[in-house]
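Written below as structure tokens is the structure these notes are about.
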Amino acid sequence: MRMDIVDHFHPDEREFVDKAWEWVVNAGEYHEVKLTDFMDPRQSFILQSLVNRHPDVHIRISGGYAEAERCRAIVAPDYRDLDNEDFGMVVLSIYSGDQKFLQLDHGDYMGAILNLGIKRSKIGDIHVLEDGCHTVVGEDIASFLHMQLNQVHRVHVQSEVLPLESFRTSKVSLETMDLTVASLRLDGICADVYRLSRSKILVPIKAGRCRVNWKAEENPSAALKEGDIVSLQTFGRFKVLEVGEMTKKGRHRVKIGKFM
């Protein structure tokens, strides 16, 4: 069964697939309940698809609020009611004060937390606010972060642990770009978005540093479509907002939104 499962996924995903299948088997065969760390949407999809293969297991997924991107899951025997299960999540509120001299962004806050030795899987979504940020974190690390996190980039910060009901979100900010491209190939659009030559963009893609909809994509000629979210390690990520009509010269009109 295991070999049949892993063949459906990218080699980079097999370590997660192995762990996730173990959670499913333990729930179905040994009646164990597993609360996972935070997963990206691709990992959530993988886990859900594995749960669907076992008739005696079900799952509940939550990231602390309705539109959450990064979520935790509870994997359990199907007879267990998961409606009132505790996902062990709280809000870390980070206050940075007046940011008119140095504007902190998502990467600054995430970097400060990771530099404390915290794994990315312990952190949910991060929303940058005018006076700081709110991030969903595991209850088990909240006190540690509250005590240890006192600086983000070069800015002194204070923090507070709050219940999930206090979570504040920010509107996703996108810088829009209107492109005309010869094709919808991944390498061509990435080259235009990140303002790199086609030869330079091939290096990180072939090295496995590119993800399309959170799935590793190493094929430069893969075709993108409307709604796809592309991330390139160290360069950021963008969304294909719209694929318009062809120009008279046979080129594609594409609207891109770069995440700020």
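Going down the list LYS206/LYS258; LYS225/LYS249; LYS19/LYS171; LYS200/LYS255; LYS119/LYS200, which pairs span over 28 Å between their C-alpha atoms?
Beyond 28 Å: LYS19/LYS171; LYS119/LYS200.
Convert each backbone phi in region 52-66 into a coupling constant with the Karplus relation 6.51 cos²θ - 1.76 cosθ + 1.60 (shift: θ = phi - 60°), then list the ³J(HN,Hα) values in order as whole Hz, x for Gly and Pro.
Those phi angles translate into 5, 7, 10, x, 10, 10, 9, 8, 10, 10, 8, x, x, 7, 4 Hz.
To the nearest 10 square angstrom, how much accessible area does ASP18 have with a 1.4 angstrom probe?
ASP18 has an accessible surface of roughly 60 Å² with all protein chains in place.
Express in Å², to the nearest 10, the accessible area of TYR30 obtained by rolling a 1.4 Å probe over the protein heavy atoms while all chains stay in place.
Accessible area, nearest 10 Å²: 150 Å².
Mean separation of Cα pairs under 8 Å and 6+ residues apart, divided by the residue count of region 81-173: what relative contact order is that in percent?
It comes to 42 percent, rounded to a whole number.
Over region 15-169, calculate the relative contact order: mean separation of alpha carbon pairs under 8 Å at least 6 apart, over the residue count, as a percent.
Rounded, it is 23 percent for region 15-169.
Given points 7 Å out from each Cα along the Cα-Cβ axis, report the ASP78 to ARG168 separation in nanometres with one decimal.
4.5 nm
When a/c reaches 1.5 or more, the comparison of a/b and b/c decides; with that in mind, is the chain rounded, prolate or oblate per its Cα gyration tensor?
It is oblate, given that a/c is not under 1.5 and a/b is not larger than b/c.
Rounded, prolate or oblate: which one fits region 43-89, using the alpha carbon gyration tensor with axes a ≥ b ≥ c (rounded when a/c is under 1.5, else prolate when a/b beats b/c, else oblate)? Could the numbers behind the result be given before it?
Numbers: a/c = 2.82, a/b = 1.30, b/c = 2.17.
Since a/c reaches 1.5 but b/c is at least a/b, the shape of region 43-89 is classed as oblate.
Above 25 angstrom, tally the Cα pairs of region 1-136 and express them as a % of all pairs, no decimals.
Details: 3334 of 9180 pairs.
Of the Cα pairs, 36 percent sit more than 25 Å apart.
With all protein chains present, how much of the accessible area of region 27-74 (probe radius 1.4 Å) comes from carbon and sulfur, to the nearest whole percent?
44 percent
Before anything else, pin down the relative contact order of the chain: Cα pairs under 8 Å, at least 6 apart, normalised by residue count, whole percent.
Reported as a whole number, the value is 14 percent.
Ordering ARG168, ARG195 from largest to smallest accessible area (1.4 angstrom probe), what's the sequence?
From most exposed to least exposed: ARG195, ARG168.
The values are calculated or read from the model by the stated rules, or taken from the named source; none is laboratory data. It should be emphasised that the depicted structure is a prediction, and the values quoted were computed from it without experimental measurement. Glycine gets a Cβ as well: all are built from the backbone with ideal geometry, and neighbour counts include every protein chain shown. With ligands, DNA and RNA removed, areas are computed over all heavy atoms of the protein, side chains included. Shrake-Rupley method; radii C 1.70, N 1.55, O 1.52, S 1.80 Å.
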